[in-house]
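Here's the structure, in structure tokens; my notes come after.
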Amino acid sequence: LTLFDGKVYFAANGEDTGVELYVSDGEPDGTFLLKDINPGSGSSNPSGFTEFGGKLYFRANDGTNGSELWVTDGTTSGTTLLADINQGSSSSNPSDFVVLGDNMVFEATTENEGTELWVTDGTADGTKLLSDIQAGSGSSSPQLKAECKAGDLLVFIATNGTNALFSTDGTEGGTTFLKNISTDNTILSRSLERNNDKIYFTYGPDLWVTDGTRSGTKLVQEGVSIGGASRISPYLLDGKTLFFGSQGNGTLDNLWVTDGTESGTKVLFNGLESSDTSRGASSTFGIGFGPVIDNQIALLADNGVGVNVWVTDGSTVKPLIEATFTWVLGVKPSSNGDRAFFLMKNDTALDLWVSDYTQRNTKRVATFPNGVSSSVGEALALDEAKALFTVNSADYGVELWQLEFPDVSEASPTR
């Protein structure tokens, strides 16, 4: 589910069209097939939706040109093939789209260059190979993440004979080798702030940081690994980088905080060893991060039995909901920053909770009809009044649902 120009775009399987491009304004009558890119029952399998320059870019297969780079302005006639990068019916499989200044970089595959770094300015003529890191037909297979930006640079992993860390500014000649690494032990950081200037990663058993330059790629602390058992990338919150990680040979996750120095890298919360929080035995504490409200972020934590929800401001950690769930989806209204909604599954029931990250105002306000069997992806706020999400329900299978944010002023607190 991708929000673009006030509407949500997604891939869905129609009875007669296969998997194609759909759009929704959040209402049943406003949810429809935008374009049958691969006509008939064949599937175009659109994916990788990324907004750039006032349009939405994605990968799709029209059945003739293979899986290539497409673009839409939100209209059927304005949904077109931008560039057949790997000429003919063979696919270039463009993916990992990242907007970088006036360009969008991505990886794509051609017969002569293999899988390499490409760039587009939004035009067919401006879509071209950016850097052939593994020269010739060999593939460097760059791994790009939109959140791994250090200022105006994008930090990524690729292969030039050995696995290595690179950065690029998205222009010709602007790709720089930083350091040889092991991809198995490397997790790059996510950022919740646009002006992030540091990217954290694990190299072997140690914590490193980079600003996208070779001189700015440095060891932070030995024996501390980002991700631990859960393999979750860090988040930047109000200038503090939070991550689930482990120390030494341990596999148990703790919540850490770092400012990029050895003295400023420490355990913020030891969730499973704390006597007032441990409810079972598990090799994993961290499961993920939830929405941010007023410089606080929700923590989804495995207590050995199920999932708890905690909240932290980067200095302290406190329990938010005194209950255990099978899984949790968090969503924050796009125009209202003072509350978050959580879809909480327990057994077959799916409950809707609302919270301003105080226990007093954390409440269960609704129950999903007839239960669900599993989650399918992340809930997405359409505006301050509603969100869309997908679940696998007993009555309908995997479909798109609308969540109307309720008026919670009269709801009683639930602990």
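The values are calculated or read from the model by the stated rules, or taken from the named source; none is laboratory data. All values derive from a computational prediction rather than experimental measurement. Cβ: placed from backbone, ideal geometry, glycine included. Neighbour counts: every protein chain shown. What goes into the accessible areas is simple: the full protein's heavy atoms, side chains included, and nothing from ligands, DNA or RNA. Shrake-Rupley method; radii C 1.70, N 1.55, O 1.52, S 1.80 Å.
On the chain, 42 percent of the accessible area sits on carbon and sulfur atoms, based on a 1.4 Å probe.
Rounded to the nearest whole angstrom, the semi-axes of the ellipsoid equivalent to segment 13-58, taken from the Cα gyration tensor as √(5λ), stand at 19, 16, 7, largest first. Largest accessible area first, the listed residues Leu129, Leu388 line up as Leu129, Leu388 when surface is computed with a 1.4 Å probe on the assembled protein chains. Taking amide H as placed 1.01 Å from N in the peptide plane, the amide H of Ala108 sits under 5 Å from that of Glu116, Trp118, each at least 5 places away or on another chain. With all protein chains kept in place, the per residue accessible area of the chain amounts to 44 square angstrom at a probe of 1.4 angstrom. With a Förster radius of 56 Å applied to the C-beta separation of Asn112 and Lys218, the computed FRET efficiency comes to 0.90. Between Glu172 and Asp313, the distance separating the two model label sites (each 7 Å from Cα on the Cα→Cβ line) works out to 5.2 nm. Mind checking which aspartates and glutamates have their C-alpha under 17 Å from Lys363, skipping anything on the same chain fewer than 8 residues away? Straight-line reach from Lys363, under 17 Å: Glu322, Asp338, Asp351, Glu404, Asp407, Glu410.
Normalised by residue count, segment 134-210 yields a Cα convex hull volume of 87 Å³ per residue. Under the Karplus relation 6.51 cos²θ - 1.76 cosθ + 1.60, θ = phi - 60°, what is the ordered set of whole-Hz ³J(HN,Hα) values for segment 64-77, x standing for Gly and Pro? These are the phi-based 3J(HN,Hα) values: 10, 9, x, 7, 9, 8, 10, 8, 9, 9, x, 10, 5, 5 Hz.
Each residue of segment 137-144 is assigned a 3J(HN,Hα), and the resulting list reads 7, x, 10, 8, 6, x, 10, 9 Hz, derived from the Karplus form 6.51 cos²θ - 1.76 cosθ + 1.60 (θ = phi - 60°), x at Gly and Pro.
Comparing the chain with the 2.2 N^0.38 Å rule of thumb, its C-alpha radius of gyration ratio is 1.03 (two decimals). The smallest convex shape that holds all Cα atoms of segment 297-398, its convex hull, gives 104 Å³ per residue. Scanning residues 5 or more positions from Asp5 or on other chains, none has an amide H under 5 Å from its amide H, with H placed 1.01 Å from N in the peptide plane. Which residues does the label zone of Asp125 cover in segment 153-180, counting backbone N under 20 Å from a point 7 Å along Cα→Cβ? Residues 171-172 fall inside that zone. For segment 35-136, the convex hull drawn through the C-alpha positions has a volume of 88 cubic angstrom per residue. Given a 1.4 Å probe and the protein chains as shown, Trp70 ends up with an accessible area of around 20 Å². Could you pull out every one of the aspartates and glutamates with an alpha carbon less than 15 Å from that of Lys7, ignoring same-chain neighbours closer than 8 positions? Within the straight-line cut-off, Lys7 pairs with Asp25, Glu27, Asp29, Glu51, Asp73, Asp383, Glu384. Of the peptides 4-16, 208-220, the ranking by mean beta-carbon count within 10 Å, highest at the top, reads 208-220, 4-16.
The modelled label-to-label distance between Thr64 and Thr261, using points 7 Å beyond Cα along the C-beta direction, is 6.2 nm.
Tell me whether segment 123-179 comes out rounded, prolate or oblate; compute the Cα gyration tensor, take square roots of the eigenvalues as a ≥ b ≥ c, and use a/c under 1.5 as the rounded threshold. Oblate is the answer for segment 123-179, as a/c is 1.5 or above yet b/c matches or exceeds a/b. Distance between the 7 Å Cα→Cβ label points at Asp383 and Gln87: 4.8 nm. Scanning residues 5 or more positions from Thr241 or on other chains, those with amide H under 5 Å from its amide H are Thr258, with H placed 1.01 Å from N in the peptide plane.
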